Amino acid sequence: MLTKGKKARTALDKFRRFVVQESKNQLKKQNKSASGKLLNSISSKLKESENSFSLEFFMEEYGYYQDRGVKGKTSTYPEIAKFGTLAKFGSGKGKKGGLTEGIKNWVKRKRFQFQDKKTKRFLSYNSTAFLITRSIWNKGLKPSLFFTKPFEKAFKQLPEKLVNAYALELEDFIKFSLSKK
């Protein structure tokens, strides 16, 4: 069986490197790397014990929301139902004003301002951030799946013996990890 040894370690190491690299590529491709903080935070760690392996992926917390999307207050994207998310605006679990502050920083960094239709004057960064925040609050955040798709693709390429040996533990671990969000 493939649960011990060099072949399992090599397959898992290849798996984790592919997921990390492809996730970073997807962030760049989708133009979701404004500050580079999320991009630079994506990493993984493979630990080997006498009778088992431990594989972990790491990224900034908001990477989960970018990947899986967020349900809006009044409507949502169909992709959220398909891939699932545990995040919802208005749940009261997040930091008060965290979305507004993050959007405000993004608007300033990108030097992005809406223009008033009547006066043709540019709105302030605060006003622009408020309008974007209100839209996201109502509509939600569309899933980018920058991590999910590479993970699923790489998982399909793992050797069958390795998948069979660890599939149940991996499935339980993913459910447990997602339930902690």
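Before moving on, here are some points about what is shown:
- Ala129 meets all of the listed conditions (1) closer than 24 Å to Glu60 by Cα; (2) at pLDDT below 85; (3) crowded, with 16+ Cβ neighbours inside 10 Å but one, namely (2).
- Out of Phe146, Phe89, Phe155, one residue alone is surrounded by fewer than 18 Cβ atoms within 10 Å (Cβ to Cβ) and either more than 22 Å from Asn31 (Cα to Cα) or at pLDDT 70 or above (or both). It is Phe155.
- Residue check for Phe112: part of a loop (DSSP other than H, G, I, E, B) and either within 26 Å of Tyr77 (Cα to Cα) or touching a residue at least 40 places away in the same chain (Cβ under 8 Å) (or both): yes
- The residues of region 121-143 that are within 21 Å of Lys29 (Cα to Cα) and either touching a helix residue (DSSP H, G or I) at 6+ places or on another chain (Cβ under 6 Å) or in a strand (DSSP E or B) (or both), listed by number, are Leu141, Pro143.
- With respect to the conditions (1) modelled with pLDDT under 85; (2) outside the structural domain of Lys28 (by TED's automatic domain parsing), Asn105 lacks only one, and its number is (1).
The values are calculated or read from the model by the stated rules, or taken from the named source; none is laboratory data. Remember, it's a predicted structure, so these values are computed and weren't measured experimentally. Quick reminder, even Gly has a Cβ in these numbers, built from the backbone with ideal geometry, and neighbours come from all protein chains shown.
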